[in-house]
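The values are calculated or read from the model by the stated rules, or taken from the named source; none is laboratory data. Because the structure is predicted, anything quoted here is derived from the model rather than measured. Neighbour counts are summed over all protein chains in view; Cβ atoms, including those assigned to glycine, are modelled from backbone coordinates with ideal geometry. Remember, those area values only see protein heavy atoms, side chains included, never the ligands or the DNA or RNA. Shrake-Rupley method; radii C 1.70, N 1.55, O 1.52, S 1.80 Å.
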Amino acid sequence: MSDIQQELLGQVVAAQKNNEPLALLGSGSKRFLLPSECDSGQTVDLTRHHGVVSYEPTELVITARGGTPLAEINELLNEHNQMLPFDPPMFDGKGTVAGAVAMGLAGPGRPWRGAPRDAILGIKLLDGEGRIVEFGGQVMKNVAGYDITRLMCGAMGTLGVLLEVSIRLIPKARVERTLRTGMGYDESRQLMNSMRSQSVPLTGAFWYKDQLHLRLSAASETALNKLQQRVGGEWLADNRVWQQLRDQQHEFFTPADSQSLWRISTPPAAEVPQQEQHLLDWGGAQHWIIAQGDWREPLNAIASAARGHAQPWFSTPKIASTGNEVIKQLQVNLEEVFNRNRIFNPGCCNG
Amino acid sequence: MNLKLTQRQKTAELFRDILPADSILSLDEELKPYECDGMMAHNIVPLLVLLPEEIDQVSKVLRICYDNEIPVVARGAGTGLSGGAIPHEDGVILSLARFNKILEIDSENCTARVQPGVRNLAITEAAKPHGLYYAPDPSSQIACTIGGNVAENAGGVHCLKYGLTVNNILELTIVTIDGETVKVGSGALDSPGLDLLALMTGSEGMLGVIIDIVVKLLPQPTDIIVLLTPFDSIEVAGNAVADIIAAGVIPAGLEMMDNPSLVAAEDFVHAGYPTDAEAILLCELDGEAEDIAADQEVVEAVLRKAGAKEIRVAESVEERLKFWAGRKAAFPAIGRISPDYLCMDGTIPRKHLAQVLKDTHALSEHYGLRVANVFHAGDGNLHPLILYNASEPGELEKAEELGGKILETCVQYGGTITGEHGVGIEKINQMCVQFTSDELEVFHAVKAAFDNKGLLNPGKAVPTLHRCAEFGAMHVHHGQLPHPELERF
Ligand SMILES: Cc1cc2nc3c(=O)[nH]c(=O)nc-3n(C[C@H](O)[C@H](O)[C@H](O)COP(=O)(O)OP(=O)(O)OC[C@H]3O[C@@H](n4cnc5c(N)ncnc54)[C@H](O)[C@@H]3O)c2cc1C
Ligand SMILES: Cc1cc2nc3c(=O)[nH]c(=O)nc-3n(C[C@H](O)[C@H](O)[C@H](O)COP(=O)(O)OP(=O)(O)OC[C@H]3O[C@@H](n4cnc5c(N)ncnc54)[C@H](O)[C@@H]3O)c2cc1C
């Protein structure tokens, strides 16, 4: 536990006064992947603002300081059979809770259990004016004032320092098992499409190398067995594969030096032609592709044909690349509210 | 009066080139239905009502308002309970009523593209042949529009498990105050840039006009059961709610009604409620039959341990719908037993349910006004209904003061003044209690980022700092009582 709110406040006030930018850093697992100018400015180590502020299992809410490692939070929640609904990647195990919120990161359960934006209930924010402000709270429903809380999800630290976040939790499923079945890309997509409109206890579905993995979570074994009878396949001994997938430790995520890793996010039933090195996650909505050379053009074309967007992993573009001038202006205006003079992560900003 | 007439005619002229005559309402009797929304205690005659039918017309209307500095209040069905759609006396009402088409049902992606004036229930009806439905189901769902739902981030009895409006929409098309049309969000599960989709949701018509919505549809559950449990003490029922959630079950719905509201509902729709109960709890479980059975076992054990003597399971679909019909008709049912009522909307941490109900009861006695309680118990979202008679001089003011006190109590217990109905004009003073002046300043700045002239729904949702100073409220820090040592009520 350590609380450096006052120290951070001092740093921000000084930065604003001297117009000297700050690079907000969680555990820094993203360092090498954001555009280098994102890191320009004096580094602020937010892992020192750390610790669970309150956790009441019966209320299904946790409040933690931004720099608290996800691993620490998960360990605590495990003890009470609860979990962060969006199950964010921890990568090397060091990721922080505010880092996951700031990047909008969600694990394989995303289509069924939501993203940070769906689970976040409240924040304490230190903005560019040196204001410490709180929005949302710890209750499930709250529509008082604009939804600044959700606006912070995926904002990549361009709208201020997340001092604390409150997150809604879910109980872990009483039974959770993994079914693996041999199936081609097209057939897998069809099956995932048909299951989407049916009430089945699915919380994960990914395809790789002609195998479809389904994660089933339920209150009873019977419900799981029913699905196996329908889909076929075999039960795996454990559910480790989902953690490997989430943290990119799965064998797929090892591009050679000359290759690059791409992510294409699309509507779940959108048609994306099968690629040579291809992993399809999120029940059809998230494609991971390993590409040779400069595949930017072709992958962007595939993504836009599928009404989605492509993103090179290991190098996140600026916060906005929607290309729409009106949206861009709105984002600049919002940066002006929370990040005047772009003292936070200037390279990530629009303005 | 004459001045107003001239102003009305001059303003109407501005829109004649872009709207057909029947899209511009300016006669007294035409304006009458738009004077108030579901809050009803306050009426204002708008300058004009405009009813465009095409996006291009909306865009031009807004541009004209922008250039001529005319306030604009967007309006769906006018069922809002916080006065969000109450007109501005010098402004136009922009009604979205004619945007009432369901444009597409995409059964593979499980989405629907709809216009803002489509009624909430109409989406579920259109999705039904595909085995799908739209989850957020406000009790007003037969009348309220999806555009209004987005603007208020509406909830309903199934939000405990399936989320609010914000969790069930994917993409919005908005028209900005200067007439630009833009899309936020996308059919994919994430999109680049800031989450403006979330910011627009619940923004009460203050940031832009919502003109097209892509909603998420869910598969209809295979099975549904509803348990009705009577309790002889409202506190015991409140504690049972917290215990169910703590036991690891998230019901599809978990609703509570106290004796006055269940009696009123029973008299109104004959739902089969036990009228001698102090409170009833309705608990819906959905999913696969086997899963439901497993959850039901847990829930029944918790209920019995909490003190339930009887647990009734709806025997048929008809009975299940009847159980819900009583809950969904609770507001109009209260409307039958009292000349007027105010509906509050505070949310609190579940663990304080019993205590806040006690405090509300004490306040009700203190003010000498009856309060009936109906609420989304699983979410901790309370709807105390304050019964009063507007024709008694001073009683509305007394009811509003009592309502304000109830909301302040919610804030003191770590809750919020509104869970789903919005601030509008109704709770604008209590915003001063919930937020600091820094926080209110942030809200004003966000508003200005979208609407630099302050023309969209002016005066609603966020109080000026000046107003807060006049109201004289003390900001209550979330969950910390100003004087914890003092006994409360
Ligand atoms: C090999 C690898 C590749 C990756 N590639 C990508 C990629 O291409 N695209 C992608 O989106 N993600 C990528 N990630 C994931 C992601 O960038 C980080 O790993 C994740 O954010 C972990 O968070 P952290 O706590 O380490 O935060 P950091 O990595 O330190 O920071 C992440 C972001 O959050 C902001 N931030 C951190 N703490 C706060 C706070 N308290 N308040 C406000 N802002 C804060 C930072 O400014 C930064 O913008 C990758 C991860 C790994 C390991
Ligand atoms: C009997 C009854 C029961 C209710 N039960 C519930 C409930 O269970 N849960 C719940 O959440 N609410 C409930 N409500 C409140 C109300 O129905 C909701 O707030 C609903 O979302 C309002 O929709 P509307 O179309 O009537 O909007 P209106 O009342 O017309 O407008 C509401 C607000 O939204 C803005 N707005 C409307 N359309 C647009 C648009 N297209 N673009 C931008 N802004 C717009 C308006 O300016 C206004 O600020 C209930 C109301 C009644 C009368």
Practice task
Would you check if B:I210 is in contact with a strand residue (DSSP E or B) (Cβ under 6 Å, 6 or more places away or on another chain) and near ligand 2 (Cβ under 9 Å from one of its atoms)?
Solution key: yes
Problem - Scope the range B:365-394; condition within 14 Å of chain A (Cβ to nearest Cβ), touching a residue at least 40 places away in the same chain (Cβ under 8 Å) and hydrophobic (A, V, I, L, M, F, W, C); matching residues - result: B:F375, B:A377
Handout entry: Check on B:L342, part of a helix (DSSP H, G or I), of a type in the set (A, V, I, L, M) and either touching a strand residue (DSSP E or B) at 6+ places or on another chain (Cβ under 8 Å) or within 17 Å of B:P138 (Cα to Cα) (or both)
Key = no
Exercise for the section: Please tell me if B:V215 is outside any helix (DSSP H, G or I), closer than 27 Å to A:E271 by Cβ, facing chain A (nearest Cβ under 7 Å) and in contact with a strand residue (DSSP E or B) (Cβ under 9 Å, 6 or more places away or on another chain). Expected result: no
Exercise for the section: Scan the helices (runs of 4 or more DSSP H) fully inside the range A:115-200 and keep the ones with 3 or more residues being free of Cβ contacts under 8 Å to residues at least 24 places away in the same chain. Expected result: A:185-196
Exercise for the section: Could you tell me whether any residue of the range A:277-284 is in a loop (DSSP other than H, G, I, E, B), modelled with pLDDT of 95 or more and open to solvent by 20 Å² or more (accessible area, probe 1.4 Å)? Expected result: yes
Completion exercise
Taking first residues from the range B:210-237 that are closer than 28 Å to A:Q198 by Cβ and second residues anywhere that are among the aromatic types (F, W, Y) and in a strand (DSSP E or B), the pairs with Cβ under 7 Å that are 6 or more apart or on different chains are B:L217/B:Y133; B:L218/B:Y133; B:Q220/B:Y133
Problem - Flag if A:F206 is under 30 Å from A:P21 (Cβ atoms) and aromatic (F, W, Y) - result: no
Problem - Unique residue being open to solvent by less than 10 Å² (accessible area, probe 1.4 Å), small (G, A, S) and touching a residue at least 40 places away in the same chain (Cβ under 8 Å) when the list is B:A279, B:A242 - result: B:A279
Problem - Residue identified as at pLDDT 95 or above, within 26 Å of the chain's Cα centre (by Cα), in the same structural domain as B:V214 (by TED's automatic domain parsing) and open to solvent by less than 20 Å² (accessible area, probe 1.4 Å) among B:V118, B:V73 - result: B:V118
Practice task
Please give the number of the condition A:L126 fails out of (1) over 23 Å from A:L245 (Cβ atoms); (2) away from ligand 1 (no atom under 12 Å from the Cβ).
Solution key: (2)
Practice task
Give the residues of the range B:89-110 that are without any contact (Cβ under 8 Å) to a residue 40 or more places away in the chain, part of a strand (DSSP E or B) and within 14 Å of another protein chain (Cβ to nearest Cβ), sorted by residue number.
Solution key: B:E104, B:D106
Exercise for the section: Just name the residue that is farthest from the other protein chains (Cβ to nearest Cβ) out of those in the range B:142-156 that are buried (at least 22 other Cβ atoms within 10 Å of the Cβ) and in a loop (DSSP other than H, G, I, E, B). Expected result: B:C144
Exercise for the section: Please indicate, with yes or no, whether at least one residue in the range A:207-223 is open to solvent by 30 Å² or more (accessible area, probe 1.4 Å), among the charged types (D, E, K, R), in a helix (DSSP H, G or I) and in contact (Cβ under 8 Å) with a residue 40 or more places away in the chain. Expected result: yes
Exercise for the section: Run B:E397 past the list (1) modelled with pLDDT under 95; (2) assigned to a loop (DSSP other than H, G, I, E, B) and report the number of the one that doesn't hold. Expected result: (2)
Fill in the blank from the handout: Of the residues in the range A:69-96 that are among the acidic types (D, E) and at pLDDT 95 or above, the one that is surrounded by the most Cβ atoms within 10 Å (Cβ to Cβ) is A:D87
Problem - Index of the failed condition, B:T409 passing every other in (1) under 19 Å from B:G346 (Cβ atoms); (2) within 13 Å of chain A (Cβ to nearest Cβ) - result: (2)
Handout entry: Number of the condition not met by B:C65 [criteria: (1) more than 13 Å from ligand 2 (Cβ to nearest atom); (2) open to solvent by 30 Å² or more (accessible area, probe 1.4 Å); (3) part of a helix (DSSP H, G or I)]
Key = (2)
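One line per residue, one yes/no per condition, for (1) touching a strand residue (DSSP E or B) at 6+ places or on another chain (Cβ under 6 Å); (2) open to solvent by less than 30 Å² (accessible area, probe 1.4 Å); (3) at pLDDT 90 or above:
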position	(1), (2), (3)
A:Q6	no, no, yes
A:V13	no, no, yes
A:N19	no, no, yes
A:S29	no, no, no
A:F32	no, no, no
A:G41	yes, no, no
Handout entry: Inter-residue pairs, beta-carbon under 6 Å, first free of Cβ contacts under 8 Å to residues at least 24 places away in the same chain and in the range B:294-322, second surrounded by 13 or more Cβ atoms within 10 Å (Cβ to Cβ), 6+ apart
Key = B:A294/A:A219; B:A294/A:S220
Practice task
Please state which one of A:G136, A:G109, A:G99 is open to solvent by 10 Å² or more (accessible area, probe 1.4 Å) and more than 10 Å from chain B (Cβ to nearest Cβ).
Solution key: A:G99
Fill in the blank from the handout: The residue from A:A115, A:A144, A:A119 that alone is within 16 Å of ligand 2 (Cβ to nearest atom), at pLDDT 95 or above, within 26 Å of B:A151 (Cβ to Cβ) and outside the structural domain of A:A269 (by TED's automatic domain parsing) is A:A144
Completion exercise
Expected single match for open to solvent by less than 20 Å² (accessible area, probe 1.4 Å), of a type outside the set (D, E, K, R), at pLDDT 95 or above and assigned by TED's automatic domain parsing to the domain that holds B:K427 among B:L353, B:L363, B:L303 is B:L363
Practice task
Answer yes if at least one residue in the range A:146-156 is surrounded by fewer than 24 Cβ atoms within 10 Å (Cβ to Cβ), under 22 Å from the mean Cα position of the chain (by Cα) and away from ligand 1 (no atom under 15 Å from the Cβ), and no otherwise.
Solution key: no
Fill in the blank from the handout: Residue pairs qualifying under the 9 Å Cβ cut-off, at least six apart or on distinct chains, with the first in the range A:265-281 being at negative phi and at the interface with another protein chain (Cβ under 10 Å from one of its Cβ atoms) and the second being assigned to a loop (DSSP other than H, G, I, E, B) and among the acidic types (D, E), are A:S265/B:D190; A:P267/B:E108; A:P268/B:E108; A:A269/B:E108
Handout entry: Residue, nearest to ligand 1 (Cβ to nearest atom), within the range B:147-183, restricted to residues that are under 18 Å from B:N109 (Cβ atoms) and of a type in the set (A, V, I, L, M, F, W, C)
Key = B:L170
Practice task
Answer with yes or no whether A:Q329 is within 13 Å of chain B (Cβ to nearest Cβ) and either in contact with a Leu (Cβ under 6 Å, 6 or more places away or on another chain) or outside any loop (DSSP other than H, G, I, E, B) (or both).
Solution key: yes
